[in-house]
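The next block holds one structure in the form of structure tokens; read it before the comments.
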């Protein structure tokens, strides 16, 4: 007889323990790597979302400038009236919207995608499309700031938390909001 066949039970439990220990070490390594990789991927996604939001905001700013240049009106109401204080894009209107107290609101599409607010000189569309910000919220535009010098004319994204923390008179974004001036 061979010594290997005399006591086969001895090698099996040892092999089981070794396999279990190797599996535990492998799992620990994977968990550790996930802890390192997840924040890196998460921060990259956050940066990508911010860049997409800023690009969309810039497109809105350029579109509203072109609207004003063509129509000779500010985007504050139909054919230059000043009854509109803020505009909004598609998506969920973010919580804490400071512009809602100021007056009437209109969809951005009425200035940028169709001629509702522009009159006979409207030569748009001024943007290819309007979308929600990367977090599903509507971009907000404080057009009241074009008329009321106490406020700032701005395009605003509520950022990842979906809550506007910037006020109508702020010159810097607050919290995780993103702000672009409309001048």
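The values are calculated or read from the model by the stated rules, or taken from the named source; none is laboratory data. Quantities reported herein were computed from a predicted structural model and do not represent experimental measurements. Because the Cβ atoms are built from the backbone with ideal geometry, glycine has one as well, and the counts that use them run over all protein chains shown.
Tabulated data for the structure shown
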read-out	value
Count - residues of the range 64-73 that are surrounded by 16 or more Cβ atoms within 10 Å (Cβ to Cβ) and either in a helix (DSSP H, G or I) or at pLDDT 95 or above (or both)	5
For residue 61: the one exception among (1) farther than 18 Å from residue 122 by Cα; (2) at pLDDT 95 or above; (3) part of a helix (DSSP H, G or I)	(1)
All positions within the range 92-119 that are under 17 Å from the mean Cα position of the chain (by Cα), surrounded by fewer than 20 Cβ atoms within 10 Å (Cβ to Cβ) and free of Cβ contacts under 8 Å to residues at least 60 places away in the same chain	93
Failed condition for residue 149, given (1) surrounded by fewer than 16 Cβ atoms within 10 Å (Cβ to Cβ); (2) in contact (Cβ under 8 Å) with a residue 40 or more places away in the chain	(2)
